[in-house]
Amino acid sequence: MISVYIVTKNEEHNIERAISSVDGLGEVIVVDSGSTDQTVELAKKCGAIVSHNDWQGMAQQKEHAKNLCSNQWVLNLDADEEVSPELKSEILNVTKRTDIAGANIPIEEYFLGFPIHGKTKKNSHVRLFRKDKGTYGYERFHETPTVDGRIVNLKGGIRHYGETSLEVKVSKINLYSSGKAIDKFENGRSYSLLKLVSIMPLAFIKSYILKRNFLNGVRGFIGSNINAFYAFLKEAKLYEAYLKSSKKD
């Protein structure tokens, strides 16, 4: 048995799907940071253990949720995601092994309501790991734990339904780019004019060509442009932080 932990706020449209997808794996821990909709009630109805924790940052919130888990193996799932049947079967097998500490899981994106092409290169993240082997950093949006030990790659994916509209995607990159830029600045990273100039076209090429988003037609073109703008925003906001700091001096 494993523990699944989910960080939530106002996810009433998603939470039941997420919890249902991990039925039979073990306990489900939901840490909510102040939902004003039916998220908490629905999570409890689905059998989850629900608690409140004021928002401290993504990494801190996930570390808190992980520490509430009682099983040796833990799985991090977002409320707007679900575990595919293929992945569920793999998880049951891989957690029986004693020679590994964690697993990389591919993320199957649904963009504007449709799944990405099967040959588009997926991002993958460590979402499954031994609780005592993985910890989150203290950066605001560092969502991937550092795991001490061997990591294996799984084939089954986590389906992500969060990017339901362009408004949602753009709002997300605006929020995340701010957090990433502040983290970089506080860690002593300086802006680079060369990177500021070159990052957007390079990021577009990486997304559209190298990751094969061109296979997704118009959606792939739009998504790759937004991904490129996200890369640009992180550098631009790092420069902005530098300017604000210079004024104080």
* Candidate set from region 212-243 (those that are open to solvent by less than 50 Å² (accessible area, probe 1.4 Å) and among the charged types (D, E, K, R)); member that is nearest to residue 123 (Cα to Cα) -> 234
* To do: List the number of the failed condition for residue 199; all other conditions in (1) touching a residue at least 12 places away in the same chain (Cβ under 8 Å); (2) open to solvent by 70 Å² or more (accessible area, probe 1.4 Å); (3) farther than 30 Å from residue 66 by Cα hold.
  => (2)
* Answer from 109, 86 - the residue that is at pLDDT 95 or above, part of a strand (DSSP E or B), of a type outside the set (S, T, N, Q) and open to solvent by 10 Å² or more (accessible area, probe 1.4 Å) -> 109
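Every residue, every condition in (1) in a helix (DSSP H, G or I); (2) loosely packed, with under 13 Cβ neighbours inside 10 Å, yes or no:
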{"site": "144", "(1), (2)": "no, no"}
{"site": "152", "(1), (2)": "no, no"}
{"site": "155", "(1), (2)": "no, yes"}
{"site": "159", "(1), (2)": "no, no"}
{"site": "163", "(1), (2)": "no, no"}
{"site": "173", "(1), (2)": "yes, no"}
{"site": "179", "(1), (2)": "yes, no"}
{"site": "182", "(1), (2)": "yes, no"}
{"site": "189", "(1), (2)": "no, no"}
* Asked: Does residue 124 qualify as being out of contact with any Asp or Glu (no Cβ under 9 Å at 6 or more places or on another chain) and over 24 Å from residue 104 (Cβ atoms)?
  -> no
* Asked: Taking region 105-139 as the search range and keeping residues that are in contact with a Pro (Cβ under 9 Å, 6 or more places away or on another chain) and polar (S, T, N, Q), which one is farthest from residue 66 (Cα to Cα)?
  -> 123
* Structure fact -> Filtering region 232-249 down to residues that are farther than 20 Å from residue 167 by Cβ and not charged (D, E, K, R) yields 236, 238, 239, 241, 242, 243, 245, 246
* **Total residues in region 13-28, condition under 17 Å from the mean Cα position of the chain (by Cα) and without any contact (Cβ under 8 Å) to a residue 60 or more places away in the chain** => 1
* Name, by its number, the condition in (1) farther than 18 Å from residue 109 by Cα; (2) out of contact with any helix residue (DSSP H, G or I) (no Cβ under 7 Å at 6 or more places or on another chain) that does not hold for residue 231. => (2)
* **Close pairs (6 angstrom Cβ cut-off, 6 or more residues apart or separate chains): under 11 Å from residue 6 (Cβ atoms) and without any contact (Cβ under 8 Å) to a residue 40 or more places away in the chain in region 32-51, open to solvent by 60 Å² or more (accessible area, probe 1.4 Å) and of a type outside the set (Asp, Glu) anywhere** => 32/52; 50/44
* Check region 173-186 and report whether any residue there is closer than 28 Å to residue 220 by Cα, of a type in the set (A, V, I, L, M, F, W, C) and touching a helix residue (DSSP H, G or I) at 6+ places or on another chain (Cβ under 8 Å). => yes
* **Residue in region 31-42 that is among the small types (Gly, Ala, Ser), in contact with a Lys or Arg (Cβ under 8 Å, 6 or more places away or on another chain) and closer than 25 Å to residue 183 by Cβ present** => yes
* To do: Report yes if some residue within region 93-104 is part of a helix (DSSP H, G or I) and hydrophobic (A, V, I, L, M, F, W, C); otherwise report no.
  => yes
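The values are calculated or read from the model by the stated rules, or taken from the named source; none is laboratory data. Everything numeric here is computed off the predicted structure, so don't read it as measured data. As a convention, Cβ positions derive from the backbone with ideal geometry for all residues, glycine included, and neighbour counts pool all protein chains shown. SASA here: full protein model, heavy atoms, side chains in, ligands and nucleic acids out. Shrake-Rupley method; radii C 1.70, N 1.55, O 1.52, S 1.80 Å.
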